[in-house]
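Visitor: Have a look at this one before I ask anything.
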Amino acid sequence: MSEASGQGAELLAPGFETISKSSWMGFIKNLATFTGDLSALSAPSFILSGTSLLEYMSYWFEFPELFVSIVDHESPKDRMLAVLKWYMAGLSREYASRNKSYGTEKKPLNPILGELYYGTWDSSKGKIELVAEQVSHHGPVSAAHVVCKEAGISVDTHNMYKSGFSGRTVYVNQIGQIRIHLEKFNETYYLTLPNISLEGLWYMTPYIELYGSTYIVSTSNYVTKIDYSGRGYFSGTKNSFKASIYEKNANPDYVVDGIWTGTSKVSDTKSKTTVPFLDYGTMDATPITPEPFSEVGEWETRHVWGSVSSALARNCYDIVSIEKSAIEQSQREMRKREKEEGVEWKRRYFEWQPDESSARNLLAHSVQEVIEPGFWVYVGDTQPECKPGDHPVRRT
């Protein structure tokens, strides 16, 4: 959904203290009557988080020790278990942390084409570095590269969203993958992204639930299938999951189950032992340290959305609408000039490359659906003459 202004103030609800019930129900009515992908629908400003979707790429890595410790395990099944632990901890940060900070789920800002984001984390094995770029706007695709050179572990990831409304729920289908490479073992993992439902809209308390299944496959022929379930009208527990780790065409070695926003346990099917797996409530996340604001250019996400985020923090929704409209109009004019001149926007760090590897094909076989035939791959800085967060062509 794109964004527009919203007015009113009479109903107290977590995260929406200044919004009237009539304004909220008007938004729900627009959802219910809209046809097509919701990314084309204007959402009221009061539902916006003030954070660009591009920054969400960093949430996966806010437990840096879980990330770099993947390389510490000698057996492929234990490395797969470590990948799963990192992935499940990342789910909690990616899809539940904003409920804590905002009081309820809010919609991120849609990144502009060419938007950039940089940052680092410290770990026991060395510096972890992130570079993220919005590589497409219609449809929206974000790409990121994360590396800890000292540990010999790197990630390339990209995602795209398709969304719709049915009944009382917004459904979001995430298209894209995470690809992890371990130099020490010359081993690569492919991870799919979960489908999302946005519940609680009728009660002005939206929250995210995951549904369906995701998969992790590796070049060592190990597979993890993760099934998600949630709280239904009559039964079920919110944010539940069950994961099985197995070698291709074999019985599971490990079964993990629990709450992805709470506690979970892992059972070794051979030894018949069960031990704690994750306790998200006791884990301290480490947010990214962004590049200093003064050292990045105007295409860096905090520069792009600074005025909008500031206005949202003050509940100045008219200003949000004005500032955001100016950014969107600038982008439309830029796309128009490119079309007239017959040129295509040049990505700074990523390019699309075909991928027909055995692990990718195993992923497609496991998921039993069509998987993208390629990947947005990090190729380094193609515009080194520009400082971080900038492009040769400026916004007007």
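The values are calculated or read from the model by the stated rules, or taken from the named source; none is laboratory data. Just so it is clear, the model here is predicted, and its values are computed rather than measured. No Cβ is skipped: glycine too gets one built from the backbone with ideal geometry, and neighbour counts run over all protein chains shown. Heads up: the accessible areas ignore ligands, DNA and RNA and are worked out on the full protein's heavy atoms, side chains in. Shrake-Rupley method; radii C 1.70, N 1.55, O 1.52, S 1.80 Å.
Visitor: Can you name every residue in the range 230-250 that is open to solvent by less than 60 Å² (accessible area, probe 1.4 Å) and either closer than 26 Å to residue 284 by Cβ or at pLDDT below 95 (or both)?
Guide: Within the range 230-250, 230, 232, 236, 239, 240, 241, 243, 250 meet the criteria.
Visitor: Quick check on the range 350-393: of everything there that is surrounded by 11 or more Cβ atoms within 10 Å (Cβ to Cβ) and modelled with pLDDT under 70, which residue is farthest from residue 111 (Cα to Cα)?
Guide: Per the stated criteria, the residue is 371.
Visitor: Just need a number here: residues in the range 293-319 that are free of Cβ contacts under 8 Å to residues at least 24 places away in the same chain, over 24 Å from residue 96 (Cα atoms) and open to solvent by 60 Å² or more (accessible area, probe 1.4 Å).
Guide: Within the range 293-319, residues that are free of Cβ contacts under 8 Å to residues at least 24 places away in the same chain, over 24 Å from residue 96 (Cα atoms) and open to solvent by 60 Å² or more (accessible area, probe 1.4 Å) number 3.
Visitor: Separate question: Where the second residue is open to solvent by 50 Å² or more (accessible area, probe 1.4 Å) and of a type in the set (S, T, N, Q) and the first is under 30 Å from residue 149 (Cα atoms) and lies in the range 160-186, which pairs have Cβ atoms under 8 Å and are six or more apart or on separate chains?
Guide: Every condition considered, the pairs that remain are 186/219.
Visitor: Right, residue 237: outside any strand (DSSP E or B) and either over 22 Å from the mean Cα position of the chain (by Cα) or among the hydrophobic types (A, V, I, L, M, F, W, C) (or both) or not?
Guide: Details: outside any strand (DSSP E or B): yes; either over 22 Å from the mean Cα position of the chain (by Cα) or among the hydrophobic types (A, V, I, L, M, F, W, C) (or both): yes.
Yes: the conditions hold for residue 237.
Visitor: Check the range 75-82 and report whether any residue there is at pLDDT below 65 and not in a loop (DSSP other than H, G, I, E, B).
Guide: No: the range 75-82 contains no residue that is at pLDDT below 65 and not in a loop (DSSP other than H, G, I, E, B).
Visitor: So residue 127 clears everything in (1) in a strand (DSSP E or B); (2) out of contact with any strand residue (DSSP E or B) (no Cβ under 7 Å at 6 or more places or on another chain); (3) at pLDDT 95 or above except one condition, right? Which one?
Guide: Answer for residue 127: the failing condition is (2).
Visitor: Given the residues 258, 164, which is the only one that is more than 30 Å from residue 21 (Cβ to Cβ) and surrounded by 15 or more Cβ atoms within 10 Å (Cβ to Cβ)?
Guide: From the options 258, 164, the qualifying one is 258.
Visitor: Which of the residues spanning the range 245-258 are within 16 Å of residue 220 (Cα to Cα) and of a type outside the set (Phe, Trp, Tyr)?
Guide: 245, 247, 248, 249, 250, 251, 252, 253
Visitor: Same structure again: May I ask you to list the residues in the range 127-149 that are without any contact (Cβ under 8 Å) to a residue 40 or more places away in the chain and either over 18 Å from residue 69 (Cα atoms) or open to solvent by less than 30 Å² (accessible area, probe 1.4 Å) (or both)?
Guide: Once the filter is applied, which keeps residues that are without any contact (Cβ under 8 Å) to a residue 40 or more places away in the chain and either over 18 Å from residue 69 (Cα atoms) or open to solvent by less than 30 Å² (accessible area, probe 1.4 Å) (or both), the range 127-149 yields 136, 138, 147.
Visitor: Does residue 113 satisfy being touching a residue at least 12 places away in the same chain (Cβ under 8 Å), touching an Asp or Glu at 6+ places or on another chain (Cβ under 8 Å) and under 29 Å from residue 299 (Cβ atoms)?
Guide: So residue 113 fails the test.
Visitor: Could I ask something else about it? Name the residue that is surrounded by the most Cβ atoms within 10 Å (Cβ to Cβ), counting only residues in the range 40-66 that are under 16 Å from the mean Cα position of the chain (by Cα) and aromatic (Phe, Trp, Tyr).
Guide: Only one residue fits best here, namely 61.
Visitor: Taking the range 187-229 only, how many residues are open to solvent by less than 30 Å² (accessible area, probe 1.4 Å), farther than 16 Å from residue 94 by Cβ and out of contact with any helix residue (DSSP H, G or I) (no Cβ under 9 Å at 6 or more places or on another chain)?
Guide: Total meeting the criteria: 1.
Visitor: Please verify whether residue 210 is in a strand (DSSP E or B), under 26 Å from residue 46 (Cα atoms) and touching a residue at least 60 places away in the same chain (Cβ under 8 Å), treating the condition exactly as stated.
Guide: Taking the combined requirement at face value, the residue satisfies it.
Visitor: Among the residues of the range 334-376, which ones are charged (D, E, K, R) and assigned to a helix (DSSP H, G or I)?
Guide: Matches in the range 334-376: 335, 336, 337, 338, 339, 340, 341, 360.
Visitor: Test of understanding: among 279, 253, which residue is under 25 Å from residue 92 (Cβ atoms), of a type in the set (D, E, K, R), touching a helix residue (DSSP H, G or I) at 6+ places or on another chain (Cβ under 7 Å) and modelled with pLDDT of 95 or more?
Guide: 253
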